Amino acid sequence: MSKELNISPIEYELIEAKLDGTLNEEQLQALRELEAQDADWSLKVEEVKTLRQDLESYLVKAELDKIHEEAYPEKTPKTRKLPQWIYAVAASITLILVGWISFQFLFVESNEKLFTTYYETDPGLITAMSGTDSYEFDRGMVDFKEGKYEEALALWQPLLEENPTGDTLLYFVAMANLELENYTESQENLELIIKGNPSEFKQDAEWYLGLIYLRNGQTEKAKGLFSNSSKPEAKEILEKLE
Amino acid sequence: MPEDSISHLSQEQLIQGIKENQRDVMSALYLEVFPKVRSFVIQNSGDEDQAKDIFQEAFLVAWQKVKNGDFQPQNATAMQGFLFQVSKNKWLDWLRSSRFKMESSMGAISIEVADSEDEILLEERLSYLEEAFQQLGESCRELLKRFYFEKESLEELAERFGWTNQTAKNNKYRCMEKLRKLIKR
């Protein structure tokens with residue numbers, strides 16, 4: 001079917017009548033004339049013949065496909081070749097994961113909410129009453145009260161290295177770190193106060209450490225600290241955690 | 001007639017039904033012979049899909065022979081036997097061809113290929129035709145299927161679609177010309 005052939009409706013009708021063997025006298029006469037005059041006539045006949053045969057073959061083939069599909073439907077779609085139990089297990093795992101993630105999310109969110117609700121910045125010390133003679137410490141406290149926590153830490157850290165057990169220093173270094181969201185450093189300093197010698201900062205240290213534990217999801221440890229506290233907020237949190 | 005039974009059909013009726021593309025006759029023949037071909041193919045290194053492909057190719061060969069009048073039944077199950085034999089031969093040819101390809105790659109002498117050149121050309125043409133046919137409009141597809149496969153006459157088509165006989169003839173010409181040009185594209 002390579003050559004471009006123009007086949008008119010009359011020619012088409014004649015070719016089909018010839019192929020079907022239904023030519024009448026008039027058509028036979030016209031056909032003979034075309035055969036004599038048209039150099040492409042035999043090509044046209046061949047083209048229509050092949051087209052008709054191929055079309056019918058294609059339609060038969062399409063029907064055979066339908067017959068086959070109806071008689072032998074695919075038992076399982078290809079996408080479900082794995083055994084059913086695998087889907088059940090996968091669904092269960094997904095459900096557990098979704099549940100766990102949701103629980104974690106809600107849990108962390110609720111603990112973080114409690115932390116945010118109850119956390120308040122320590123007001124700091126009146127510098128004249130700081131209880132230390134350190135100029136650097138007082139300057140740091142001024143920075144702390146102005147919200148300049150990094151500057152405060154820059155002044156306090158060298159002092160803490162010189163006096164690692166000083167409870168006032170430990171406490172305010174912990175508070176500055178807490179403001180800067182350095183929870184781990186803050187936690188370590190507060191734990192040192194609680195484990196150390198009796199301190200006027202111990203109760204506040206327990207309160208803030210309890211909040212850090214709560215935020216970390218260490219609820220039982222937080223509960224232990226809050227239950228020792230005389231702060232009314234600690235009792236509120238304990239009630240909410242029940 | 002139930003589709004799964006051709007036992008009550010004579011060979012003449014069966015052949016007439018195939019010539020006229022009667023759906024129930026074709027379906028009954030398919031259901032009668034395919035399971036046997038499938039068993040043969042599966043017992044001889046093939047699978048279900050290969051059995052389907054080889055059987056449908058064989059069915060088209062048998063159908064063409066019947067239409068051309070090249071098949072004359074000699075006994076009461078000649079058509080079924082012929083279809084099975086064509087399928088079997090095609091599968092054995094395929095196996096030999098497959099083996100040929102394997103051996104050829106190892107330096108052995110070629111023997112023969114599975115399909116004749118004519119059959120490969122037919123497959124190629126049918127593939128183009130399918131693509132072109134699917135590009136026709138719905139009405140052209142239905143008209144051509146009713147005329148060339150279901151063998152409805154132009155008069156029946158005219159009545160079905162509410163056309164005059166001349167309109168049915170013109171539409172059939174227009175659809176065939178469209179198909180012919182799509183294939184040549």
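Computed from the coordinates by the stated procedures, all read-outs in this text should not be read as laboratory data. Treat the numbers as computed from the prediction; the structure is a model and nothing was measured. Cβ placement follows ideal geometry from the backbone for every residue including glycine, while neighbour counts extend to all protein chains displayed.
Which net charge results when you count Lys and Arg as +1 and Asp and Glu as -1 among the other residues whose beta-carbon is under 14 Å from that of residue B:138? Here the charged neighbours net out to +3. FRET efficiency for the residue A:70 to residue B:20 pair, using the beta carbon distance and R₀ = 25 Å, is estimated at 0.75. Figure legend: label point modelled 7 angstrom from the Cα of residue B:121 along Cα→Cβ; residues of region A:17-51 with amide N under 16 Å from it are A:43-51.
Every helix of 4 or more DSSP H residues in chain B counts as -39500 (n - 2.57), and over all residues that averages to -24000 deg cm²/dmol at 222 nm.
Here are some pairs, B:67/B:172; A:148/A:231; B:145/B:178; A:3/B:19; which of them have Cα atoms lying more than 20 Å apart in this structure? Mind showing how you got there, number by number?
Values: B:67/B:172 22 Å; A:148/A:231 28 Å; B:145/B:178 15 Å; A:3/B:19 31 Å.
As for pairs spanning more than 20 Å Cα to Cα, those are B:67/B:172; A:148/A:231; A:3/B:19.
Across region B:122-155, the residues whose backbone nitrogen lies under 17 Å from the label position 7 Å along the beta-carbon direction of residue A:17 are B:154-155.
Counting Lys and Arg as +1 and Asp and Glu as -1 over every other residue whose Cβ lies under 12 Å from the Cβ of residue B:169, the net charge comes to -1.
In this structure, residue A:242 and residue A:160 have a Cβ-Cβ separation that, at R0 = 35 Å, corresponds to a calculated FRET efficiency of about 0.40. The Cα trace of chain A gives Rg and Dmax of 45.7, 133 Å, the first to one decimal, the second as a whole number.
Near residue A:238, once Lys and Arg are set to +1 and Asp and Glu to -1 for all other residues with Cβ below 11 Å from its Cβ, the sum equals 0. Model label points for residue B:181 and residue A:101, set 7 angstrom from Cα along the Cα-to-Cβ axis, are 5.6 nm apart.
Note on chain A: helix-only mean residue ellipticity at 222 nm, from DSSP H runs of 4+ residues weighted -39500 (n - 2.57) and normalised by residue number, equals -24500 deg cm²/dmol.
Taking 41 Å as R0, compute the FRET efficiency from the Cβ-Cβ separation of residue A:233 and residue A:84 and round it to 0.05. All intermediate terms of the calculation are to be shown ahead of the outcome.
Values: r = 54 Å, r/R0 = 1.32.
Plugging the Cβ-Cβ distance into 1/(1 + (r/R0)^6) gives 0.15.
Only lysines eight or more places from residue A:145 in sequence, or on another chain, were considered; those with a Cα closer than 22 Å are A:202. Relative protection proxy for B:69-82, A:25-38, A:162-175, B:136-149, from highest mean packing down: A:162-175, B:136-149, B:69-82, A:25-38 (other beta-carbon atoms within 10 angstrom). Taking label points 7 Å from Cα along the Cα-to-Cβ direction, residue A:91 and residue A:218 give a separation of 4.2 nm.
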